[in-house]
Amino acid sequence: MADGIVTLTTATFDETVASSDKPVVVDLWAEWCGPCKMIAPILGEIAGEQAEHLTIAKLNVDENPEIAQKFSVMSIPTLLVFDKGQVTKRLVGAKGKPQLLQELGEFLPNTSH
Amino acid sequence: MSEHHHVVIVGSGPAGLTAAIYSARANLAPLVIEGEPSSTSDQPGGQLMLTTEVENFPGFPEGIMGPELMMRFREQAQRFGATFLTEKVTAVDLSERPFVLTVRDRQFTADAVIVSTGAQSLMLGLEAESRLLGHGLSTCATCDGFFFRGQEIAVVGGGDSAVEEATFLTKFASKVTMIHRRDALRASKIMQDRAISNPKIEMLWNHTVTDLVGDEQLAGAVVRDVNSGAETTLPVTGLFVAIGHRPNTDLFKGVLDMDDAGYLVTRPGSSWTNIDGVFACGDVQDHTYRQAITAAGSGCMAAIDCERWLESVAH
């Protein structure tokens, strides 16, 4: 997690999202998904800037198909936001940084975006 | 406060990035406002970001993945001094020089502008689309094909992109129905042969999609026979739309000359638009060829036209 992004697997998923005291944004991605690659650096930036308020995690759906199936994910990138272990938001499709911050605004204190 | 550049390039597909390589090598230090990430073709890198193997780009006899090709274009432009802004232009003022481009709350001025905003895929325009996008309805076969392993799905359209998507999706799906409003494909011969000879692809000619079935997950597509008007429901869990493109020219309405379909009009044999100092290249001004290589070629033309024009006004 050099870039501040936690790598999840099927084995570590449940515990990580349930035990976190901050909302966890899980980026479901795969190697063959072009748009996923475009948002990865943006999520890295958000992880650095919002470390106090959010945990950013990623899960490779190719290697961990069980989680994608469990949450009925049929399109990537999809971002699932977990708060106290529950899915509270679902963002489908790649987006730019301003738009992502806006969508995540409810989990951030008085954001200027 | 605004930031000034000799050349600003709007859009970053093969056309914009080739214009960036050429104008960077001409020491014009272009700024490329490359667009924002999205899951449609309206994103940095353009339409090739959603494709898999590109087999017809000269110089790559083994083929190359679309996103990788675009990353290479970008690196080549960066190597010669092009800089990038990963956002979208929100407004332009081309009424006087320097031209002004607005990106949300920031302003950039430029002596010359190269427009290479490309084209984006059309959606069906159905109300159910927003509800089912990401729940069976997809804009990106390469991203989402994986989720339809062993399922029956459909592709709407009859051009090269539709055939390419259908062929790609047969890697995962048990059956792919191609829904096309005509009785013959528009795709090139080699692509047609691939579709027709693929045992997993079935053609549904002379049909259009009129509605989608399913509340939380796609369960079917309502299709209408264009001749009889009869409607039936095709039970598919996935639907991929490849019915064509529209040029990204909303920013330039009433400012730059366009044809009835919204494509920018350039002076024949050049990249000149109706405004001196504003040049256009790539799919935003080409609905005939629409290839990566022709877009790149026109991007080169735009950079050379732009460089010569800047020289002429400097003297």
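Results, tabulated for the structure shown:
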quantity	calculated
Gap separating the Cα centres of region B:1-79 and region A:17-52, nearest whole Å	25 Å
Under 5 Å, built H, 5+ apart or other chain: amide partners of residue B:137	B:218, B:239
Karplus (6.51, -1.76, 1.60) ³J(HN,Hα), θ = phi - 60°, over region B:58-63, in Hz, Gly and Pro reported as x	x, x, 10, x, 8, x
Within 10 Å of each Cβ in A:73-80, the average number of Cβ atoms from other chains	6
About the Cα centre, charge dipole magnitude for chain B (Lys/Arg +1, Asp/Glu -1 at Cβ), debye	480 debye
Backbone N under 14 Å from the residue B:109 label point (7 Å along Cα→Cβ), restricted to region B:20-52	none
Once the Cα gyration tensor of chain B is diagonalised, semi-axes √(5λ) in Å	39, 20, 17
Highest average packing first - B:119-131, B:163-175, B:74-86, Cβ atoms within 10 Å	B:163-175, B:74-86, B:119-131
Rh (Kirkwood; distinct C-alpha pairs) - the protein assembly as shown, Å	22.8 Å
Partner chain coverage, peptide B:34-43 - average Cβ within 10 angstrom	6
More than 24 angstrom apart: percent of Cα pairs within region B:128-241	18 percent
For region A:5-106, alpha-carbon Rg over 2.2 N^0.38 Å	0.96
Burial ordering of B:315, B:6, fewest other beta-carbon atoms within 10 Å first	B:315, B:6
Kirkwood-based shape ratio for region A:18-62, expressed as Rg/Rh from alpha carbons	1.01
All Cα pairs of region A:1-44, percent lying beyond 15 Å	49 percent
Protection proxy ranking, peptides B:224-232, A:73-81, average beta carbon neighbours within 10 Å, highest first	A:73-81, B:224-232
Highest-first arrangement of A:32-42, B:207-217, B:279-289, where packing means the average Cβ count within 10 Å	B:279-289, A:32-42, B:207-217
Average other protein chain Cβ within 10 Å of Cβ, residues B:159-170	0
Lysine pairs in region A:15-113 with Cα atoms under 21 Å, if 8 or more residues apart or on separate chains	15
Dipole magnitude (debye, nearest 20) for region B:128-241, charges at Cβ of Lys, Arg, Asp, Glu	340 debye
Alpha-carbon centroid distance for the pair region B:161-186 / region B:106-155, whole angstrom	17 Å
Relative exposure of B:51, A:16, judged by other C-beta atoms within 10 Å (fewest first)	A:16, B:51
DSSP bridge orientation in region B:128-241 - percent antiparallel, rounded to nearest 5	40 percent
For region A:49-94, convex hull volume per residue from C-alpha positions, Å³	92 Å³
Cysteines without a disulfide-compatible partner [chain B; Cβ-Cβ under 4.7 Å]	B:281, B:300, B:306
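Just so you know, all these numbers are worked out from the coordinates, no wet-lab data involved. All figures in this text were calculated on a predicted structure; none of them were measured in a lab. Counting neighbours? That spans all protein chains shown, and the Cβs are built from the backbone with ideal geometry, glycine included.
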